[in-house]
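The values are calculated or read from the model by the stated rules, or taken from the named source; none is laboratory data. Bear in mind that the values here come from a model prediction, so they are computed numbers and not experimental data. Ideal geometry is used to build each Cβ from the backbone, glycine not excepted, and the neighbour counts take in all protein chains shown. The protein model used for the area step is the full one, side chains on, heavy atoms only, and it has no ligands, DNA or RNA in it. Shrake-Rupley method; radii C 1.70, N 1.55, O 1.52, S 1.80 Å.
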Amino acid sequence: MSLIFYAHPLSTYCAKVRIILKLKTIDFVEQLPLGGSYHSNAYHKLIAAGSVPAIQDGSFVLHDSDAIAEYLEDCCPVPTMRAPDSQQRAYHRSVARYHDTRLEPALRALFGFIGESEADRADAALSVLTDCLSRLANLVDPAPYLWAEQLCLSDCAYPTTLFMIQDVSAALGKTIELPAKLQAWQSALYEDQTIQQVVDDNRAAVAGWIDSKQKSKIT
Ligand SMILES: N[C@@H](CCC(=O)N[C@@H](CS)C(=O)NCC(=O)O)C(=O)O
C-alpha cells in the first residue's frame, strides 16, 4: 500500500520530505490535508500536531519533516542519506535543525510584508534573515553537498528555502544576495534533476501566492 504524504505546495518543509521520497523512489500518494486545510478538525483528528508535512504509513502516522526524514531513512536505507560516522551525522542534524529553527522562521517573518506599500517596514526582518544566512555560510562547507559527493537528509531542507528567500525578498523590492558558498551549494543542489523538479514546482506555487497577495493588497 502506498504511503500517504500530507503536504501543501507552498511549504518548504513539505518540499524537503518530497525530495527525500523521490530520491528514495518510495511509492507515495500526495494529498492536501483532510478537509483541505491543516486547520480542519478532520486533519487534527488524524494528525494531532496539526501541521504539514505528515505521513500515514498503514496505521502509523507521523508529523514533522525531520522525524519523517529519519523514519524514511530507517525504512528505506537506499540510497543512503545519513552518514555512518556519529559526529558527522550529528553535525548534519545540527544543520537541519538550523534550517527549521533559524532560517525558515526568519524567512517566514517576511511573508506578512508582501504587498505592503511601505517596503522599508520589512528592513529589520530582512536584516535578521541576512544575518541567518551569514551564520549558515560559516556553519556549512558543502563540497558540493554537506556530505561531499553524496546527498544527505540535511541537504534536502535547503534548496527550496534558498530560492524562496530570493523570490520573497525580490517581491519586497529588496534583493538578497546569497553568500558565495551558499550560491555554489544552491547551484549544485539544483543540478540534481529530482531536486530541480521539486524546486520548480514550489517556486511556481510561491509565485502564484505572491501575486495573489500583492493583488489583494492593491484592491
Ligand atoms: N517543524 C515542523 C514545521 C512544519 C510547519 O510549520 N508547517 C506549517 C506549514 S509550512 C504548518 O503546518 N503550520 C500549521 C501549524 O503548525 O499549525 C516540520 O518540520 O514539519
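Anisotropy class assigned to the chain is oblate, per the alpha carbon gyration tensor with a/c at or over the 1.5 cut-off and a/b no larger than b/c. Full extension of the chain between residue 143 and residue 167 gives 6.1 nm of extra length, using 0.36 nm per residue less the Cα-Cα distance. For the chain, the per residue solvent-accessible surface stands at 48 Å², with DNA, RNA and ligands left out and a 1.4 Å probe.
Label sites at residue 134 and residue 90, each approximated as a point 7 angstrom past Cα along Cα to Cβ, lie 2.9 nm apart. Taking amide H atoms as placed 1.01 Å from N in the peptide plane, the amide H of residue 30 lies under 5 Å from those of 5, each 5 or more residues away in sequence or on another chain. The shape of region 1-125 comes out oblate: with a ≥ b ≥ c from the C-alpha gyration tensor, a/c is at least 1.5 while a/b does not beat b/c.
Are there GluC sites (Glu not before Pro) in region 117-219 that DSSP marks as loop and that have at most 10 other Cβ atoms within 10 Å, and which are they? Show your work: numbers first, answer last.
Values: sites: 118, 149, 177, 191; in loops: 118, 149, 177.
Those that pass, being in a loop and sparsely packed, are 118, 149.
Only the Cβ atoms of Lys and Arg (+1) and of Asp and Glu (-1) were treated as charged; on that basis the dipole of the chain about its Cα centre amounts to roughly 400 debye. Each peptide in 35-44, 95-104 receives the mean, over its residues, of other Cβ atoms within 10 Å, and ordering these scores from highest gives 95-104, 35-44. The distance between label points at residue 118 and residue 32 comes to 3.5 nm (points 7 Å beyond Cα on the Cα→Cβ vector).
At a 1.4 Å probe radius, which order do 72, 151, 32 fall into by accessible area, largest first?
Listed by decreasing accessible area, they come as 32, 151, 72.
Converting phi to 3J(HN,Hα) with the Karplus coefficients 6.51, -1.76 and 1.60 and the offset θ = phi - 60°, region 132-139 yields 4, 5, 5, 5, 4, 5, 7, 7 Hz in sequence order, with x at every glycine or proline. Here the chain has 53 percent of its accessible surface on carbon and sulfur atoms, given a 1.4 Å probe and all protein chains in place.
Extending 7 Å from Cα along the Cβ direction at residue 201 and again at residue 1 yields two label points whose distance is 2.3 nm.
Rounded to the nearest 20, the Cβ-based charge dipole of region 32-143 about its Cα centre (Lys and Arg +1, Asp and Glu -1) stands at 200 debye.
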